[in-house]
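The values are calculated or read from the model by the stated rules, or taken from the named source; none is laboratory data. All figures in this text were calculated on a predicted structure; none of them were measured in a lab. Virtual Cβ from ideal backbone geometry, glycine too; neighbours counted across all protein chains shown.
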Amino acid sequence: MKLHDDIHNYYEKLLIDEIGRQKIEEDYDTDTLADFCCTALNQLPSRYIRFEVDMAFYSSQSERLEMEQRVRDAVAFAKAAVAKRGTSNE
């Protein structure tokens, strides 16, 4: 078993999805985007899974909605943190 290939934190997927939805990758260079992701993920709990279907099967609709809101809140926090630092693609 390769741990890094077999399991992952589900919040990483949700964060990447939200970054795409908000087109955040257009606002920052690669290094800043990596810092942005770390900042956002550090605001979130860990939820390790092996397969995406695990979340669909074992989570209620309300739990999934709560997780998505947590990600939106973490994204807002990371945006503010990056803005204080003053690094962007502008």
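Before moving on, here are some points about what is shown:
- Taking the criterion of being within 30 Å of Asp29 (Cβ to Cβ) and in a loop (DSSP other than H, G, I, E, B), the residues of segment 40-87 that qualify are Asn42, Gln43, Leu44, Pro45, Ser46, Arg47, Gly86, Thr87.
- Count of segment 35-64 residues which are of a type in the set (Val, Ile, Thr) and more than 10 Å from the chain's Cα centre (by Cα): 2
- Of all residues in segment 27-49 being surrounded by 10 or more Cβ atoms within 10 Å (Cβ to Cβ) and of a type in the set (Asp, Glu), the one that is nearest to Arg64 (Cα to Cα): Asp35
- Considered as a group, the residues in segment 65-89 that are over 14 Å from the mean Cα position of the chain (by Cα) and among the charged types (D, E, K, R) include one that is surrounded by the most Cβ atoms within 10 Å (Cβ to Cβ), and that residue is Arg85.
- Those residues of segment 36-66 which are farther than 15 Å from Gln22 by Cα, modelled with pLDDT of 95 or more and touching a helix residue (DSSP H, G or I) at 6+ places or on another chain (Cβ under 9 Å), in sequence order: Cys38, Thr39, Leu41, Asn42, Gln43, Leu44, Pro45
- Residue list for segment 2-30, restricted to those being part of a helix (DSSP H, G or I), over 9 Å from the mean Cα position of the chain (by Cα) and touching a residue at least 24 places away in the same chain (Cβ under 8 Å): Asp6, Gln22, Ile24, Glu26
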